[in-house]
Amino acid sequence: SEILVLFQGYQGMVDGGDNIVEVSWESVSSILQVGGTVIGSARCKSFRTREGRLQAAYNLVQRGITNLCVIGGDGSLTGANLFREEWSGLLEELAQKGKIDEEAVKKYAYLNIVGMVGSIDNDFCGTDMTIGTDSALHRIIEVVDAIMTTAQSHQRTFVLEVMGRHCGYLALVSALACGADWVFIPEYPPEEGWEDTMCVKLSENRARKKRLNIIIVAEGAIDCHNKPITSEKVKDLVVQRLGFDTRVTILGHVQRGGTPSAFDRILASRMGVEAVLALLEATPATPACVVSLSGNQAVRLPLMECVQMTQEVQKAMDEGRFIEAVSLRGRSFENNLNTYKLLSHKKPDAELPKTNFNVAVLNVGAPAAGMNAAVRAAVRVGITEGHKMFAVIDGFEGFARGKIKEISWGDVGGWTGQGGSILGTKRTLPAKYLEKIADQMRTNNINALMVIGGFEAYLGLLELSAAREKYDEFCVPMVMVPATVSNNVPGSDFSIGADTALNTITDTCDRIKQSASGTKRRVFIIETMGGYCGYLANMGALAAGADAAYIFEEQFDIRELQANVEHLTEKMKTSIQRGLVLRNENCNENYTTDFIYQLYSEEGKGVFDCRKNVLGHMQQGGAPSPFDRNFGTKISAKAMQWISKKLKETYRKGKVFANTDDSVCLLGMRRRNLVFQPVAELKNETDFVHRIPKEQWWLKLRPLMKILAKYKTSYDVSDSGQLEHVAMHTPKEAETGAI
């Protein structure tokens, strides 16, 4: 089918002519890593008038266009909705004016519209994440990380203003991701007398030797009387009241720029497919819809409902119904707000409950970015719930050696942005240290365990629960939070650290592609980590626009390698003279990276030359991405709340005794919800030899990568989003499973 692009958005549709252009495969090559929009975008005054829309309808009919895919924010999508409602009236009017004939009115009677939400504010109701939000968070966090280093050196207070005229999502999530001292957002104005409360909190932090205060202000922040709170006002307040050296940084359009993050590239690619499927299935009777993501699940929602709900939020805010505004924003927003409130302000000791329970936290497996954010959240939520928190150094091995100490609220300050594992982590399993670990649990009177780690953490919990028959010490609630770059833990779609690793792979591939486009006719073979799990190779290939990805889960033979080489040879005849191939480190013991490199070099002689690159341990390092900081914080806070609940349930006659399967759980993201699953039940879903889950959701995205690399293959549409209604939820419901 013919694909046309409208340059300059609605303006291009009204102006017509050269703005409507047919596009080919090659013309969209290499735009994956480019920020902004290549086809341009414009706020269009004339499209807001009926005359403008009449002209647009005429231009579309002239080109025979009856399917539109609109990528934009709530304004663009509201416009699209109106355009569809008016369509038949516009055609009638054009016919009356003699611009089109009756034949055309019949032929083009229906206009199908599918929307994709592209807006950095994440202000559109019904979608968990809009395209562009994650990249904007990357920009904000890069700035905050840079400011943190300078503010650590001079005792300074920084006021950071981020975008969001009507929506506080960016401000809220960046505050959560960097552990800001205070955040101002339009949906949740501070209570009367906030000036005093904030100044007290800032001076307490100074007294605790925290050299740095960060305050984040959304540009649309207001107080409870709907009066604006500006970054300048906040700065003046701190200077007058406390005399702290205070600086304002307004981020402005930096947030819209830069290269898209791995998450945004994959999200946008998945949504693009969904949009096309929705258009193919659209009938005159189906409502115009938006495609979006709920958790990790693609969904379709009626455009009208989303627009109405987005307008409802604004109305609620204007009328001072702030609690309602927060719940209208959806469960993901509400969850962020509740978690932020839980973690940022320590109650005075006198107000904390006292449970007399001791809870230990440890890291197991290889380091993953975001582990520290998870430890911080666990410690702070545990203290808020009234427990005494203990940190175990160096995993199960350190546990056996008695490397365990109490950890306080202040000890984990500033941990969210730190990469690696501050507690230290080891791959050692507990089986050979059972006696010693049981001793340590008894000596320190540990009543619950929280393990943050990868596949070894899962195996470790299986071993500890099997040892319950012999050791009563292990009859306590235990929970695991998945953290590994490989994303190979059963029971969870995502694990902490995988997003940061994907960004590292994507950034590296972008640089390599750039070097290759300079030299022309060059193919790069890149080896990624992941053990036997192909997640990083496959998703990295999708995000970097690779030509092929070799993974263990999908066996390949010499014929496939041959086909890939021929495919690249063909590609070199076009204007895109470079290739990118990703290979998972364990995809095949004989077809090694060297073998594939040598094969491609030989077969490509005279057409292209080859280079290889093993990414190695840089995939485990680096500062955690906004997604990993956030995911780690929220999932860990939820795990800690589960521990508190289990401790209450299993406390009998002065001691904790838990020996059922449901007291050893893994908390994972499953499609749309966070679910606690007994590790015993996950055994059947696990391939223990290769240390991967037997079924993996992302394999369904494999054909997408091949189609985008111009291979002819079929795409399984059984998993595509179904049309559903925008859910209204009560504030209580937000706690159930949203992330």
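Relative contact order for the stretch 201-253 using alpha-carbon pairs under 8 Å, separation at least 6, rounded to a whole percent?
Result for the stretch 201-253 is 20 percent.
Beyond 14 Å, what share of the Cα-Cα pairs of the stretch 523-608 remains, rounded to the nearest whole percent?
61 percent
Probe 1.4 Å, all protein chains in place: accessible area of residue 166 in Å², nearest 10?
Spelled out: residue 166, probe radius 1.4 Å, area about 90 Å².
Over the Cα atoms of the stretch 221-326, how large are the radius of gyration and the largest Cα-Cα distance (Dmax), in Å?
When restricted to the Cα atoms of the stretch 221-326, Rg and Dmax are 20.7, 65 Å.
Where in the stretch 616-660 are there trypsin sites (Lys or Arg not before Pro) that are in a DSSP coil and have at most 11 other Cβ atoms within 10 angstrom of their Cβ?
Answer in residue order: 653.
Could you check the simple spin-label distance between residue 401 and residue 93, using points 7 Å along Cα→Cβ, in nm with one decimal?
Result for the modelled spin labels: 7.8 nm.
At 222 nm, what value in deg cm²/dmol follows for the chain if DSSP H runs of at least 4 each add -39500 (n - 2.57) and the sum is divided by all its residues, to the nearest 500?
Computed ellipticity for the chain at 222 nm equals -13000 deg cm²/dmol.
In the stretch 499-620, if the dipole is taken from +1 on Lys/Arg beta carbons and -1 on Asp/Glu beta carbons about the Cα centre, which of 539, 600, 514 is farthest to the positive end?
Sorting the options by dipole projection puts first 514.
Give the accessible surface of the chain per residue, rounded to a whole number of Å², with probe radius 1.4 Å and ligands, DNA and RNA excluded.
Value for the chain: 41 Å² per residue.
Which of the three applies to the stretch 133-256, rounded, prolate or oblate, going by the alpha-carbon gyration tensor with a ≥ b ≥ c and a/c under 1.5 meaning rounded?
Oblate shape, in that a/c is at least 1.5 and b/c is the bigger or equal ratio.
With +1 assigned to the C-beta of every Lys and Arg and -1 to the C-beta of every Asp and Glu, and no other charges, what is the dipole magnitude of the chain about the Cα centre in debye, to the nearest 20?
Using only the charged Cβ atoms, the result is roughly 1680 debye.
Describe numerically, in nm with one decimal, the distance between label points set 7 Å from Cα along Cα→Cβ at residue 688 and at residue 660.
2.5 nm
Which whole-angstrom value gives the distance between the alpha carbon centres of the stretch 513-583 and the stretch 40-85?
39 Å
For helix 331-344, report the angle its Cα long axis makes with the longest principal axis of the Cα atoms of the chain; keep it between 0 and 90° and round to the nearest 10°.
Here the helix axis deviates by roughly 40 degrees.
Once you treat every alpha carbon in the stretch 503-661 as an equal point and sum by Debye, what is log10 I(q)/I(0) at q = 0.12, 0.15, 0.19 Å⁻¹?
-0.61, -0.81, -1.14
Lysines within cross-link reach of residue 700: Cα-Cα under 20 Å, excluding same-chain residues under 8 positions apart?
710, 712
Roughly speaking, to the nearest percent, how much of the chain's 1.4 Å accessible area is carbon and sulfur?
Looking at the chain in its full context, I get 51 percent from C and S.
Strictly greater than 22 Å: what percent of every Cα pair in the stretch 422-530 meets that?
49 percent
Below 13 angstrom from the Cβ of residue 233, what's the summed charge of the other residues (Lys, Arg +1; Asp, Glu -1)?
Net of charged neighbours comes to -3.
Straight-line reach from residue 403: which lysines have Cα under 16 Å away, leaving out those fewer than 8 places along the same chain?
Within the straight-line cut-off, residue 403 pairs with 426, 436.
What lysines could a cross-link reach from residue 201, if we take a straight Cα to Cα line under 27 Å and drop same-chain neighbours fewer than 8 places away?
Partners found: 209, 210, 227, 233, 235, 341, 346, 347, 354, 388, 634, 638.
Working out 0.36 nm times the residue gap between residue 511 and residue 204, then minus their Cα-Cα distance, what length gain in nm do you get to one decimal?
106.0 nm
Stretch residue 356-residue 109 to full length: gain in nm at 0.36 nm per residue minus the Cα-Cα span?
81.8 nm
So for the stretch 512-601, averaging the separation of alpha carbon pairs under 8 Å that are six or more residues apart and normalising by length, what relative contact order in percent results?
With pairs under 8 Å counted, the relative contact order is 42 percent.
Taking a ≥ b ≥ c as the square roots of the Cα gyration tensor eigenvalues, with a/c under 1.5 meaning rounded and otherwise prolate when a/b beats b/c, else oblate, which class fits the stretch 21-167?
The shape class here is prolate.
P(r) for the stretch 317-474: what percent of alpha-carbon pairs falls in each 10 Å bin, starting at zero?
Calculated over all Cα pairs of the stretch 317-474, the distribution is 10, 34, 30, 17, 6, 2, 0 percent.
In whole percent, what relative contact order does the stretch 133-256 give with Cα contacts below 8 Å and a gap of six or more residues?
With pairs under 8 Å counted, the relative contact order is 38 percent.
Mind checking the stretch 486-592 for GluC sites (Glu not before Pro) that DSSP puts in a loop (not H, G, I, E or B) and that have at most 13 other Cβ atoms within 10 Å?
Passing both the DSSP loop test and the Cβ count: 554, 589.
Going through the stretch 140-230, which trypsin sites (Lys or Arg not before Pro) have at most 12 other Cβ atoms within 10 Å and a DSSP loop state?
Loop-located and lightly packed - 165, 208, 209.
Whole angstrom only: what separates the Cα centroid of the stretch 218-288 from the Cα centroid of the stretch 306-340?
Here the answer is 15 Å between Cα centres.
7 Å from Cα along Cα→Cβ at both residue 569 and residue 466: what's the point-to-point distance in nm?
5.2 nm
What's the center-to-center distance, using Cα atoms, between the stretch 92-125 and the stretch 586-660 in Å?
Their Cα centres are 45 Å away from one another.
Just to check, using Stokes-Einstein with a Kirkwood Rh over alpha carbon pairs, what's the diffusion coefficient of the stretch 404-485 at 37 °C and 0.692 mPa s in µm²/s?
The calculation lands on 233 µm²/s.
Given H placed 1.01 Å from N in the peptide plane, which residues other than close sequence neighbours of residue 528 have an amide H under 5 Å from its amide H?
583, 584, 585
Could you give the radius of gyration (one decimal) and Dmax (whole number) of the Cα atoms in the stretch 297-362, in Å?
In order Rg, Dmax, the Cα atoms of the stretch 297-362 give 18.4, 52 Å.
Which value results when the Cα radius of gyration for the stretch 196-246 is divided by 2.2 N^0.38 Å?
Working it through for the stretch 196-246, the quotient is 1.20.
Around residue 131, with a cut-off of 14 angstrom between Cβ atoms, what is the net charge of the other residues, counting Lys and Arg +1 and Asp and Glu -1?
-4
Just the Cα atoms of the chain, one point each, no solvent: what log10 I(q)/I(0) does Debye give at q = 0.05, 0.07, 0.09 Å⁻¹?
So the normalised log intensities are -0.27, -0.54, -0.88.
The values are calculated or read from the model by the stated rules, or taken from the named source; none is laboratory data. Model, not experiment: these values are computed from the prediction. All Cβ positions, even for glycine, are placed from backbone atoms using ideal geometry, and neighbour counts span all protein chains on display. What goes into the accessible areas is simple: the full protein's heavy atoms, side chains included, and nothing from ligands, DNA or RNA. Shrake-Rupley method; radii C 1.70, N 1.55, O 1.52, S 1.80 Å.
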